[in-house]
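Working notes for the structure below.
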Amino acid sequence: TGFDSDNSSGDFSEANHKVPEMLDLDPHQSSRTGKHNGETEIQENGIKRHRTSLPAPMFSRSDFSVWSILKKCIGLELSKITMPIVFNEPLSFLQRITEYMEHIYLINKACSHADPLERMQAVAAFAVSAVASQWERTGKPFNPLLGETYELTREDLGFRFISEQVSHHPPISAFYSEGLNKDFIFHGSIYPKLKFWGKLAFHLKLKKMISFSYFLDRHNEAYTWTNPTCCVHNVIIGKLWLEQYGVVEIVNHSTGDKCVLNFKPCGLFGKELHRVEGYIQDKHRKKLCVIYGKWTECLWCTDPTTYETYKKSEKRGGEQKKKSVSEEDIKSENDEADDMPEVQDTVQFIPGSKLLWRINCRPPNSSQMYNFTSFAVSLNELEKGMEAILAPTDCRLRPDIRNMENGNMDVASKEKERLEEKQRAARKERAKDEVEWHTRWFHQGTNPYTGTPDWLYSGGYFDRNFSDCPDIY
């Protein structure tokens, strides 16, 4: 199972990587302290330490009005509109995609489980963890230039990753990752659609076809799923806050098992804010377990009988304490629906539940670093000697992102305009000469599990033959 295994998951062209005890790796136990000036430290076990802070703190956005820009964009596709750099964070969207891999230890756990139910639980936790890094991240990543790429190899986490911007209009990003122990392949295509409707919020729909495949003696499985919708509230007035909502279905194409996760809208007075609830069922639609938690906090699972008993007990207790809702309360909710609701409580633990995942603690100075996680802080790190081996299209080499990260906002803004103008000029030149753009590392194909169009990895990136890469910077 999987795509192009002869090209993309066969023999590594680089030195063989061995990751001892990777199946039991827990990110909470890892230490990632070090320098951020390119001089990466080495830990006693030989694994590189990654930086823990950005070169310059985040600038203040208090003097800028999001509404002054967005009021001109009602009903439009925002990816086609040039936004001021002040609304950005110093990462490309391709680097933002890589944050899927922050909790890759969950996939390693899935590979180690003999029980298909436990494997699905781990994959479900991984799917939820993929959106956790977006919590309080209200900055916009840079739109990738056509042909832009990003690679990341993390020996400590046991994976390597490559992504490419394969289309500009419409914007499409493709990514591919594989385990250094050749135990999994994880890939997908992302079609972001971002629209503002003039109602204090804009909705980001990331149409993602995610595929995940195993290569183990005991298992040979493939999972697919899509992601929920992200909504950013209070773009006109008030504090920006994020909401994830919608139904996510994870399908195991080998066993027929399915996990259905409901990312709940915040609801009346924010009662359901951040909550995720769902279940795993077998191919006969029998519920095997119930999953509950918050995408900003943690995820638990329990058996369906225990869950139903608890909910009935909770309902009986709730009816005794239930308060009537006045017409004024309803009117207030309708008028101020996009005020940021307070997080009323943490996840209510049901006795007998098993913890599937808990969010990583963010660095203490995260609020001064665009609310980045420790993993995100390291993504744009340019280590000594890296420029000599990176593809010339890699995000780390983008001058606008690099200058913004270093606090040079005026230079970053000018570089952003220059790159966008260069991209427009190149597109006009191709149209004039009737030359079609060709992607370098991915090609269009069909997802073998869903039968839908998809972008598939062509292989060969890590052979490091970058002679025919486009000049985009």
For THR450 and LYS428, compute 0.36 nm times the residue count separating them, minus their Cα-Cα distance, and round to one decimal in nm.
4.3 nm
Full-extension gain in nm, GLU136 to MET386, via 0.36 nm per residue minus C-alpha separation
86.9 nm
Tell me, what is the FRET efficiency for ALA56 and HIS253 to the nearest 0.05, using R0 = 35 angstrom and their Cβ-Cβ distance as r?
0.15
Determine the shape class of the stretch 91-175: with a ≥ b ≥ c the square roots of the Cα gyration tensor eigenvalues, call it rounded for a/c under 1.5, and otherwise prolate if a/b is greater than b/c, oblate otherwise.
prolate
GLU314 paired with HIS284, simple spin-label distance in nm, labels 7 Å along Cα-to-beta-carbon
2.9 nm
Simple spin-label estimate for THR305 and GLN348 in nanometres, 7 Å along Cα-Cβ
2.2 nm
Among 106-115, 353-362, how do they line up by average Cβ neighbours within 10 Å per residue, starting with the highest?
106-115, 353-362
The pairs in LYS109/LYS140; LYS109/LYS283; LYS48/LYS416 lying past 25 Å Cα-Cα in this model are LYS109/LYS140; LYS48/LYS416
Over the Cα atoms of the stretch 378-473 the radius of gyration and the largest Cα-Cα distance (Dmax), both in Å, equal 16.7, 47
Please work out how much length the chain gains when fully extended from LEU117 to VAL411, using 0.36 nm per residue of separation minus the C-alpha to C-alpha distance, in nm with one decimal.
100.6 nm
Could you tell me the calculated FRET efficiency between TRP437 and PHE462, based on Cβ-Cβ distance and R0 = 25 angstrom, to the nearest 0.05?
0.60
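Throughout, read-outs are computed from the coordinates displayed, never taken from laboratory work. Everything numeric here is computed off the predicted structure, so don't read it as measured data. Here the Cβ is made from the backbone with ideal geometry for all residues, glycine too, and neighbour counts use every protein chain on show.
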